[in-house]
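Structure, as C-alpha cells:
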Amino acid sequence: MKLIIRILGVLLLASGVFLVAGLLATWASDRTVAQLSARWAQPPSKFVEVGGMQVHLRDEGSRNDPLPIVLLHGTSASLHTWDGWVASLKDEHRVIRFDLPAFGLTGPDPHNDYSIAAYVRFVVAVMDKLGVQRFVLAGNSLGGQIAWETALSHPERVRQLVLVDAAGYPFVPTSIPIGFRIARMPGLRVLMEHVLPRGVVDSSVRNVYGDPSKVTRELVDRYYELTLRAGNREALAYRMDQGLSGDENQISKLKLPTLILWGDKDHLIPLDNGKRFALDIAGSKLVVFDDLGHVPHEEDPKKTVEALKEFLAKP
C-alpha cells in the first residue's frame, strides 16, 4: 500500500512538473501596438481616432475613384487578409481596409460592445472620418454580416455589396477552428489570455483553408502575433459571447447589386448559406470556388479578385 501511495505521489509530482513546464513553454504575454507596428503597420498603414480607439487603417489607390471599395475582415483576422486583392485593385480603384474592434492593431472597444449594431456604427464612423459618402462594401465571415447589415441600415451609403463566405443565417459547422472553440469555454479562455501555443493558431488557420498546405509560416506569424495585441484575447471572448445577432428575414430586403463568393470547402459556414443568400437577394450572383475554404480571398486572391473585377465592370 505504501508503495502504491509513493508511486501515485511521484506521478502527481511529475504531472505537476510537466504542467508547469508546458505553461512556461507556451506563456505568451501581451504585446503593445508599438512592438507590433514595426512588422505589421508599415506604410501605408496609419492610425485614426474613431470612437475612442486608434484604428489601424490603410487607404490606397486612386483618390479620383468616386466609389471606393471598403473591405471588412472576419473573426480573428486583420486588414492584411486582403493584401492580395488590394495589390490587384489599387491601380484602378481606391481601396480602404481597417482592423475591426477586438482584432488586429485596433484592439478592444472601450465599452466591450461587439454587437453587430456596434460594428455597423463603427464602419459608418470610419467612413465619415475619411469623408467617404458612397462606397462598395465587401466583407468576409463576420465582416460579411457587418457588410449586409450596413447596407440595410444605410442604403444611401452602400452602392454595391460583396459577401465572401458571410455570416447571416444559422449554420451548422462541420469543423470549427480550435481557437474559436477555446474562446467559447470560460475556463480555458481565461488561461488562453496568458498562454498561446503556436500550434493552436496554426491549426485554426489550416482549418479555414481548403488546401492547408498553402498556410505558410509567415501567415501563422501574422495571426499569432496580432492575437497577442494587448487586450485582443479577452476581447475575442466578449465577441464570442455576443454572438452573431441579426434578423435573417431582413436579408431579402436588400435591393442593391450583390456578388456572393463562396469556398465549397468552407467547413465553418457551409455553401448552403451562400445559396440562401443568392435566393434571398434578388438579382445577386453566386460564384463558388470548388477548391477553396472559408477565406477564399486570402487563400487564392488572384482567382477570387477576378470575379470581383468582373462584377465591378458591369454597368
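Just so you know, all these numbers are worked out from the coordinates, no wet-lab data involved. The shown structure was predicted, so the numbers you read here are calculated from the model rather than taken from an experiment. Cβ coordinates were reconstructed from backbone atoms using ideal geometry, including for glycine residues, and neighbour counts include every protein chain displayed.
Under a crude label model (7 Å from the Cα following the beta-carbon direction), how far is residue 175 from residue 211 in nanometres?
For residue 175 paired with residue 211, the spin-label model returns 1.6 nm.
Could you give the angle, 0 to 90 degrees to the nearest 10, between helix 142-153's Cα long axis and the longest principal axis of the Cα atoms of the chain?
Rounded to the nearest ten degrees, it is 40.
With an 8 Å cut-off on Cα pairs and a minimum separation of 6 or more residues, tell me the relative contact order of region 33-313 in percent.
Details: 543 pairs, mean separation 56.2, N = 281.
RCO, region 33-313: 20 percent.
Quick one, which of (1) 31, 58, 11, 0; (2) 33, 55, 10, 3, 0; (3) 22, 47, 27, 3, 0 is the actual P(r) over Cα pairs in 20 Å bins from 0, in percent calculated for this model?
Entry (2).
To the nearest 0.05, what FRET efficiency results for residue 48 and residue 309 with a Förster distance of 22 Å applied to their C-beta separation? Intermediate values should be presented prior to the final figure.
Values: r = 28 Å, r/R0 = 1.28.
After rounding, the FRET efficiency stands at 0.20.
Using a Förster radius of 22 Å, what is the FRET efficiency between residue 115 and residue 230 based on their Cβ-Cβ separation? Nearest 0.05, please.
Values: r = 22 Å, r/R0 = 1.02.
Once rounded, the FRET efficiency stands at 0.50.
Aspartates and glutamates near residue 253 by alpha-carbon distance under 20 Å, same-chain residues fewer than 8 away left out - which ones?
Filter leaves 149, 156, 165, 272, 280.
Round to the nearest 10 and give me the degree value, 0 to 90, for the angle of helix 217-227's Cα axis relative to the longest principal axis of the chain.
Rounded to the nearest ten degrees, it is 90.
Using DSSP, restrict attention to beta bridges with both residues in the chain and report what percent are antiparallel, rounded to the nearest 5. It would help to have the intermediate numbers written out before the result.
On the way: 11 of 34 bridges.
Percent antiparallel among DSSP bridges in the chain is about 30.
Starting from the Cα of residue 255, draw a straight line to each of the lysines and keep only those under 26 Å, dropping any in the same chain fewer than 8 residues away.
Residue 255 reaches 275, 285, 309, 314.
With the dipole of region 33-313 worked out from charges on the C-beta (+1 for Lys and Arg, -1 for Asp and Glu) around the Cα centre, which of 259, 125, 281 lies farthest toward the positive end?
Value computed over the given set: 125.
State whether region 271-314 is rounded, prolate or oblate according to the following rule on the C-alpha gyration tensor (a ≥ b ≥ c being the square roots of its eigenvalues): a/c under 1.5 gives rounded; otherwise a/b larger than b/c gives prolate, and the remaining case gives oblate.
Details: a/c = 2.96, a/b = 1.19, b/c = 2.49.
Oblate, because a/c is 1.5 or more while a/b does not exceed b/c.
In sequence order, what are the phi-derived ³J(HN,Hα) couplings for region 198-214 according to the Karplus relation 6.51 cos²θ - 1.76 cosθ + 1.60 with θ = phi - 60°, rounded to whole Hz, with x for glycine and proline?
Those phi angles translate into 4, x, 5, 5, 4, 5, 5, 5, 4, 4, 9, 9, x, 10, x, 5, 7 Hz.
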